[in-house]
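What follows is a single structure, written as structure tokens, with notes after it.
The values are calculated or read from the model by the stated rules, or taken from the named source; none is laboratory data. What you see is a predicted model; the values in this text were computed from it and never measured. Backbone-built Cβ (ideal geometry, glycine too); neighbour counts: all protein chains shown. Accessible surface areas use protein heavy atoms only, side chains included; no ligands, DNA or RNA. Shrake-Rupley method; radii C 1.70, N 1.55, O 1.52, S 1.80 Å.
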Amino acid sequence: MVVIMEPGADESQIEQVIENLNQRGFDVHRSSGVQQTVLGAIGVQPGFDERIIRVLDGVSDVQRVTEPYKFASRSWKGEPSIFDINGVTVGGKEVILVAGPCSVESEDQINATAAHVAAHGATFLRGGAFKPRTSPYSFQGLGVEGLALMRAAGDRYGLNVITEVTDVSKVELVYRFADVFQVGARNMQSFDLLRELGRTDKPVFLKRGLAASIEEWLMAAEYVMSEGNQQVILCERGIRTFETATRNTFDLSAVPVVKNKSHLPIFADPSHATGIRDRVIPMARAAVAAGADGIIVEVHPEPAKALSDGPQSLYFDQYVSLVAQIRDIARAIGRSIATVAHS
Ligand code: PEP
Ligand code: MN
């Protein structure tokens, strides 16, 4: 951390800042120029609030040179993290496809969708059994029944199962049915939930919060990782901005930014990012081009009858077209679509 003193800071102010830093366990290196004094503070701990120093008398600015997160950072682990999830390699050269309905609605619906996406490149089946809906009057999911239907469909068609866990009390239950825990955008900062998932041995698919900065998102990953579970997959799903033409604003620049700051795999969700099915294919192409390690999309046998997120759910033929298009994009950047289904 670098502390820049004001040009007019006097000796006693400088001394007080040094003393404060020393008391907090920092080693301080002082460099005094003609105009200004700069203090280099070594030994900053993750989580240190630099505003403590910024507000001291005579201080002009404080700049961190290290990230506030550790396990999630590139400086901690230089190589990309690659996870083997039941025979599917996530974070490597292959681009992963996660597809399925927003919510599990019935046995026929989940089976038909699973059969279709498994036949066309998907290695993971998505679907919510516990839905974090904005309105308490909207469909809340089938609960345990939905989990069981998803597990059966995943096993039948050789797909890994990813589903959302909405709170700590459901971790054990979801663990029994899922291969990957999804943490939804609305729960990105449910710290107790993140900690609890950090004590499990299954990967966590961590969506970016609606109004979360990239740093806050990586700090959320840090909550999971600091408990021991290093298997975190990040997912950009669009953020809130002033723009209303799409459901959210797809922050695709987050993909290369995260790749630079973290070793964790990053996926992209063009369904929730755009909210309109006709916008999903172009943005899926863009996400793969930007370097996403995987794409998660909503697909439904009859989108018009879907109980949640119908307007953004792809028709089966659109999904086939999406896969063909992103296959071409992946090839153009030296990647391919993963095809190995789990056994
Ligand atoms: C979902 O995947 O259906 C979902 C609710 O996503 P998000 O948390 O990104 O809104
Ligand atoms: Mn949805």
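Structure values in brief
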item: Candidates Asp278, Asp251 - the one that is assigned to a loop (DSSP other than H, G, I, E, B) and acidic (Asp, Glu); result: Asp251
item: Residue that is nearest to the chain's Cα centre (by Cα) [pool: residues in the range 125-141 that are open to solvent by less than 50 Å² (accessible area, probe 1.4 Å) and away from ligand 1 (no atom under 12 Å from the Cβ)]; result: Leu125
item: Residue match in the range 249-263 (condition: surrounded by 20 or more Cβ atoms within 10 Å (Cβ to Cβ) and within 16 Å of ligand 2 (Cβ to nearest atom)); result: yes
item: Test for Val257: is it within 23 Å of Gln45 (Cβ to Cβ) and either at pLDDT 95 or above or not aromatic (Phe, Trp, Tyr) (or both); result: no
item: Identity of the residue in the range 168-198, assigned to a helix (DSSP H, G or I) and of a type in the set (Val, Ile, Thr), that ends up surrounded by the most Cβ atoms within 10 Å (Cβ to Cβ); result: Val174
item: Of all residues in the range 233-246 being farther than 10 Å from Lys207 by Cα and either at pLDDT below 95 or hydrophobic (A, V, I, L, M, F, W, C) (or both), the one that is surrounded by the fewest Cβ atoms within 10 Å (Cβ to Cβ); result: Phe242
item: Scan of the range 79-112 for residues that are touching a helix residue (DSSP H, G or I) at 6+ places or on another chain (Cβ under 6 Å) and open to solvent by 70 Å² or more (accessible area, probe 1.4 Å), ordered by number; result: Glu107
item: Every residue from the range 279-300 that is open to solvent by 20 Å² or more (accessible area, probe 1.4 Å) and within 16 Å of ligand 2 (Cβ to nearest atom); result: Arg279, Met283
item: Of the criteria (1) touching a Pro at 6+ places or on another chain (Cβ under 8 Å); (2) surrounded by 13 or more Cβ atoms within 10 Å (Cβ to Cβ); (3) within 30 Å of Val90 (Cα to Cα), which one Trp76 fails; result: (1)
item: Which listed residue is in contact with a Pro (Cβ under 6 Å, 6 or more places away or on another chain) and within 15 Å of ligand 2 (Cβ to nearest atom), from Gly141, Gly127; result: Gly127
item: All positions within the range 78-105 that are more than 16 Å from ligand 2 (Cβ to nearest atom), assigned to a loop (DSSP other than H, G, I, E, B) and either more than 18 Å from the chain's Cα centre (by Cα) or of a type in the set (Ser, Thr, Tyr) (or both); result: Gly78, Glu79, Ser81, Asn86, Gly87, Lys93
item: In the range 301-326, residue nearest to His116 (Cα to Cα) [restricted to those that are open to solvent by 10 Å² or more (accessible area, probe 1.4 Å) and within 16 Å of ligand 1 (Cβ to nearest atom)]; result: Ala306
item: Contacts under 7 angstrom Cβ, first residue in the range 43-63 being among the basic types (Lys, Arg), partner surrounded by 13 or more Cβ atoms within 10 Å (Cβ to Cβ), 6 or more apart; result: Arg54/Val62
